[in-house]
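Novice: After the structure tokens below, expect a handful of questions from me.
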Amino acid sequence: IRKRRNHRTDGKIRFQTTVGPPGLTVTMGKPIRKRRNHRTDGKIRFQTTVGPPGLTVTMGIKNILLWRILPCIALALAAAIGWFASHEVPMGRFFATIVPLMKGVLPPTIVGHGRMKGTPPVPDDLMPKPRPKNEMFLILPAGTGKNKMKAKFPQNGLGMCCRATAYDDVLVYRTVLWYLLLGGRHIDGAHLYLNHNAIGKAIKEAIRRGIDRSEIFVTTKIAPSHYGYEKTTATVQSFLSEEELGLDYIDLVLMHAPSFPLSTSCGREGNDAATCRKQTWLALSALREQGVIRNAGVSNFGVSHLQEFENVGAPIANNQIEYNPFVPEYINETFEYCDKHNIAITAYFPLGGDIANKDKAMRNEVLGRLSEKYERSVSQIMLRWAIQRGCAVIPGTGNPKHMQENLDVYGFKLKEEDMKTISELNHGVSGFTHMDYRSAA
């Protein structure tokens, strides 16, 4: 630190003292306003009046970034990580916050539920419409004990994920109730989506208006962070509580993904990912025997993951994967394996994928020509293709008009030559992105 007396040409005397980090100069004297200062060496410095009158701090841009901005960013990041981690399902809170923000909407995790615009209120006098004519089903395996009947799995469902409105409880309630009253009967949710309670309330209201619980097929998923025999058992049983779905049983529970990239309670006990999967599957199999759930399945599992469960516990009833005409060959290989082993496929992203992929699919010339030929929307063409391929589909929407359009896909059928044409769309196309679950441990 050096202090020197500075004799200025105007006869006044000022003292300069260098303190703090390199590049910080404190000058005592007449206050200087904040200004951008172009120096003769080409560098830019900012001068700011701080503290008591007469104290001027001059800092270079590098030092402003290093000593002011970066520490603030680090503190904010640490606070955000701590906030996410404090939730029972940290990844759930993360997605429930980030997805709305990416859409330019304040998330309910911060501002509360009921402030987001979207799905309109359901009229109090709206009663259930008939189920879709020519509705199609997949048949899931029969169980034993309390669960001896085969389950009819509606091939057309409603996905409650991955859009801003799927994280606002008010809009979730309206969405599910609209769908059920319009004739839909298959609801797909997950522990990770943090909307169980709103889904359960909507189902109860639909039952009050005349829909039988036995007609409604409810799917949910257990997050990989909750894998392990005891953890899975307790978590799935908690799904039946009033704080969650509030139902007497769940039609289908899936393992949401093969593994979790962060630490889990099962992993901390010294188990590898394969062991945690097996323990979870045995727990789901036991819950199925008890009648807590009617069927068990998986999601985002590749062939190698599926093979781990051969001759272990209950039969795999369902594998929920991304499936549409633009998926790569390794997803088609998973589809073929499931078809061979009587594992029903549920297609998420049946309209092409996320927003960018979906936009590309909607502009596809082949699908556009078929849309004109059948006088149906491109979305309906893609949904009908997946259904005729033997999949259940779960397009996500909070718009009642789109729900009705999706349910109307039972009203036409694609010709075999058109089915083949659509199935070949993934040959030579580019620009579509997909999640590769094969690399999961």
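The values are calculated or read from the model by the stated rules, or taken from the named source; none is laboratory data. Since the model is a prediction, treat every value here as computed from it, not as a measurement. Note that we place each Cβ from the backbone using ideal geometry, even for glycine, and neighbour counts take in every protein chain shown. The protein model used for the area step is the full one, side chains on, heavy atoms only, and it has no ligands, DNA or RNA in it. Shrake-Rupley method; radii C 1.70, N 1.55, O 1.52, S 1.80 Å.
Novice: Tell me yes or no: at least one residue of the range 232-254 is buried (at least 16 other Cβ atoms within 10 Å of the Cβ), in contact (Cβ under 8 Å) with a residue 60 or more places away in the chain and not acidic (Asp, Glu).
Specialist: Yes.
Novice: On the basis of being surrounded by fewer than 21 Cβ atoms within 10 Å (Cβ to Cβ), modelled with pLDDT under 95 and not acidic (Asp, Glu), does Ser265 make the cut?
Specialist: Taking the combined requirement at face value, the residue satisfies it.
Novice: Tell me whether the range 281-302 contains one or more residues that are over 30 Å from Thr421 (Cα atoms), out of contact with any strand residue (DSSP E or B) (no Cβ under 6 Å at 6 or more places or on another chain), without any contact (Cβ under 8 Å) to a residue 12 or more places away in the chain and of a type in the set (S, T, N, Q).
Specialist: Looking for residues that are over 30 Å from Thr421 (Cα atoms), out of contact with any strand residue (DSSP E or B) (no Cβ under 6 Å at 6 or more places or on another chain), without any contact (Cβ under 8 Å) to a residue 12 or more places away in the chain and of a type in the set (S, T, N, Q), one finds none in the range 281-302, hence no.
Novice: Name the residue, out of Ser371, Ser377, Ser439, Ser423, that is within 21 Å of Lys133 (Cβ to Cβ) and small (Gly, Ala, Ser).
Specialist: That would be Ser377, the only listed residue that is within 21 Å of Lys133 (Cβ to Cβ) and small (Gly, Ala, Ser).
Novice: Do we have Ser225 as more than 18 Å from Val298 (Cα to Cα), open to solvent by 10 Å² or more (accessible area, probe 1.4 Å) and of a type in the set (Gly, Ala, Ser) here?
Specialist: no
Novice: So, in the range 268-281, of the ones that are within 26 Å of the chain's Cα centre (by Cα) and not charged (D, E, K, R), which residue ends up surrounded by the fewest Cβ atoms within 10 Å (Cβ to Cβ)?
Specialist: So the residue we want is Ala274.
Novice: Still on this structure, I have one more. Go through the range 320-336 residue by residue and tally those that are touching a strand residue (DSSP E or B) at 6+ places or on another chain (Cβ under 9 Å) and not charged (D, E, K, R).
Specialist: 8
Novice: Does any residue of the range 181-198 turn out to be over 26 Å from Pro121 (Cβ atoms), surrounded by fewer than 21 Cβ atoms within 10 Å (Cβ to Cβ) and hydrophobic (A, V, I, L, M, F, W, C)?
Specialist: Looking for residues that are over 26 Å from Pro121 (Cβ atoms), surrounded by fewer than 21 Cβ atoms within 10 Å (Cβ to Cβ) and hydrophobic (A, V, I, L, M, F, W, C), one finds none in the range 181-198, hence no.
Novice: Which ones in the range 128-152 are modelled with pLDDT of 95 or more and open to solvent by less than 60 Å² (accessible area, probe 1.4 Å)?
Specialist: Residues satisfying the conditions are Pro128, Pro132, Glu135, Met136, Leu138.
Novice: Here is a list of conditions, (1) over 30 Å from Met102 (Cα atoms); (2) surrounded by 22 or more Cβ atoms within 10 Å (Cβ to Cβ); (3) not hydrophobic (A, V, I, L, M, F, W, C), and Pro395 meets all of them except one; can you say which number that is?
Specialist: (1)
Novice: Only one of Lys231, Lys201, Lys278, Lys221 is assigned to a helix (DSSP H, G or I), closer than 29 Å to Gly112 by Cβ and among the charged types (D, E, K, R). Can you tell me which?
Specialist: Being assigned to a helix (DSSP H, G or I), closer than 29 Å to Gly112 by Cβ and among the charged types (D, E, K, R) holds for just one of Lys231, Lys201, Lys278, Lys221, which is Lys201.
Novice: While we're looking at this one, here's another question. Return the residues of the range 80-101 that are open to solvent by 30 Å² or more (accessible area, probe 1.4 Å) and among the small types (Gly, Ala, Ser); say none if nothing qualifies.
Specialist: Ala80, Gly82, Ala85, Ser86 - these are the residues of the range 80-101 that are open to solvent by 30 Å² or more (accessible area, probe 1.4 Å) and among the small types (Gly, Ala, Ser).
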